[in-house]
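See below for the structure under consideration.
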Amino acid sequence: MVKFATMAVRLLALAVFFAVSAVVFWFALVFTVHRGAMAVPDLKGATVEEARAVVHDLAMDIEVEEPGVFSASIPAGAVALQRPHPGFQVKAGARITVRLSLGNERISVPEIRGESLQSSLRGLETLGLPVGARIQVDGHAGPDQVIATDPPMATWVTPGTEIDLLVNATPELEFWVMPSLMSRQVGVIRRFCSEHGLRLGQIHEVAYPGLSAGMVLRQYPPAGSPLSRSDIISVWVSR
């Protein structure tokens, strides 16, 4: 019985010894790990120069990471994000990675010249840019196509900025230079107009002694004038 009690006491003492040793080892490990460690400072809102000065005093370094981030509360060029976070324990020589603020979010007005009005409206709405005034003009592009914007395309604007559109209302008019029809036979003029989709209007016959019938004496529009498919060509010919 005495031997059993003695053995129990020894086992208890051994257990206490191991428990104390474990606690001592744990504190020693924590002390070793944290010896020389320091908390990462909060650099948010500081310029790069200010942040470098702060971490330099703590024997740390800074690395600026691209791209920057948009922030409505932190001015452009100041630290907006950092890694590790403030308060994290690091040792001397640690590197703090920061990303700088780009200021308020900005959006580039898209290149929509030549696109249809409906397609442009959808694209601008997706970007968070409402459409303001829609000004229509005639004959400068295809039907219902965007010609220009205000602010101009590729301009950086803040979300919610209204974009005014200049839109063509009618198909683009195709122009040629009116050729000279003088002294040509009216039959040649008819074929010319038919082949080029031009409209030949009234043919006026004029008495002109000494000249064979059907020769063009006068024309409208005059030679060198702009000519579109909607214009009507009139000629005066000898009879």
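The values are calculated or read from the model by the stated rules, or taken from the named source; none is laboratory data. These numbers were taken from a predicted model, which means no experiment stands behind them. So basically every Cβ, Gly included, is an ideal-geometry build from the backbone, and we count neighbours across all protein chains shown.
Here are the numbers for this structure:
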| item | result |
| --- | --- |
| For Ser116: the one exception among (1) surrounded by fewer than 14 Cβ atoms within 10 Å (Cβ to Cβ); (2) touching an Asp or Glu at 6+ places or on another chain (Cβ under 6 Å); (3) of a type in the set (Gly, Ala, Ser) | (1) |
| Members of the stretch 99-121 that are at pLDDT 90 or above and touching a Ser or Thr at 6+ places or on another chain (Cβ under 6 Å) | Ser101, Val109, Ile112 |
| Wholly enclosed strands (runs of 3 or more DSSP E) of the stretch 117-232 bearing at least 2 residues in contact with a helix residue (DSSP H, G or I) (Cβ under 8 Å, 6 or more places away or on another chain) | 131-137, 163-168, 199-206 |
| Pick from the stretch 59-83, criterion part of a loop (DSSP other than H, G, I, E, B) and over 32 Å from the mean Cα position of the chain (by Cα), ranking: farthest from Thr47 (Cα to Cα) | Ala59 |
| Criterion (over 30 Å from Val137 (Cβ atoms), crowded, with 16+ Cβ neighbours inside 10 Å and not polar (S, T, N, Q)) met by exactly one of Val206, Val216 | Val216 |
| Test: residue in the stretch 130-140 that is touching a residue at least 12 places away in the same chain (Cβ under 8 Å) and crowded, with 17+ Cβ neighbours inside 10 Å | no |
| Checklist (1) farther than 28 Å from Gly160 by Cβ; (2) of a type in the set (A, V, I, L, M); (3) surrounded by 15 or more Cβ atoms within 10 Å (Cβ to Cβ) applied to Ala53, failing item | (3) |
| Any hit, the stretch 67-82, residues being modelled with pLDDT under 85 and within 30 Å of Leu129 (Cα to Cα) | yes |
| Residues satisfying the stated conditions in the stretch 46-74, i.e. closer than 21 Å to Val90 by Cβ and small (Gly, Ala, Ser) | Ala46, Ala51, Ala53, Ala59 |
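Quick grid of which residues meet (1) surrounded by 13 or more Cβ atoms within 10 Å (Cβ to Cβ); (2) at pLDDT below 90; (3) under 30 Å from Leu165 (Cβ atoms); (4) assigned by TED's automatic domain parsing to the domain that holds Ala148:
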residue	(1), (2), (3), (4)
Arg35	no, yes, no, no
Leu43	yes, no, no, no
Leu58	yes, yes, no, no
Ala92	no, yes, no, no
Gly123	yes, no, yes, yes
